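The structure appears below as structure tokens.
What follows is calculated from the coordinates using simple rules that are stated; it is not laboratory data. Since the model is a prediction, treat every value here as computed from it, not as a measurement. Cβ coordinates were reconstructed from backbone atoms using ideal geometry, including for glycine residues, and neighbour counts include every protein chain displayed.
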Amino acid sequence: MHCQSFRQGCCGCCVNMRWPDRRVLRYLDANARTGERIAPGGRRPGFRDLVRWHWARGGAWDHLLLVWLVIPTFGLSALIWKRWFASCPFAGYIDRGAHRVGCLIHPRRVGTPDLRRHAFPLVPTAGCDRHLVCPMLRGGDCALDEEHLAVSRRGYASLRTRKKA
């Protein structure tokens, strides 16, 4: 089972779940709209499209901070950025009508080879890992009757619990 295999999907490891609900919803919607504009009609994006997508969703800030703040602060600013601001620009609404969320460039959505191997290095401060398996999924703790924000927050919490263990 993976995060896109159930009704509402999940974005707990992709989007900063410390944000208020309205901000998370706006972020997911803006990412989906950007993806629709850059790769219309569900077309498989190329590497240049991924770069344009990342740039359109604030990627310049990631790289500016990497150069401007990370080196002089010995990485402390990257930890602060990741904790409070970092989110993946490739997470969004897979199906707006059903309020279903997930990775917009996941191989189950756009086919193989896996685009995430090129996209995730574009987001250095988010620490994306395409091999991550959420502990919530392993434990079969997926509540199919909850909406995506509740499931995503539980997924995020299960990741934090795993990291402490």
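Using 7 Å Cα-to-Cβ label points, what is the Arg48/Arg108 separation (nm, one decimal)?
3.2
Sort 88-97, 36-45 for me by packing, meaning the mean count of neighbouring Cβ atoms within 10 Å per residue, highest on top.
Descending mean neighbour count gives 88-97, 36-45.
Ranked highest first by average number of other Cβ atoms within 10 Å, how do 103-114, 18-29 line up?
103-114, 18-29
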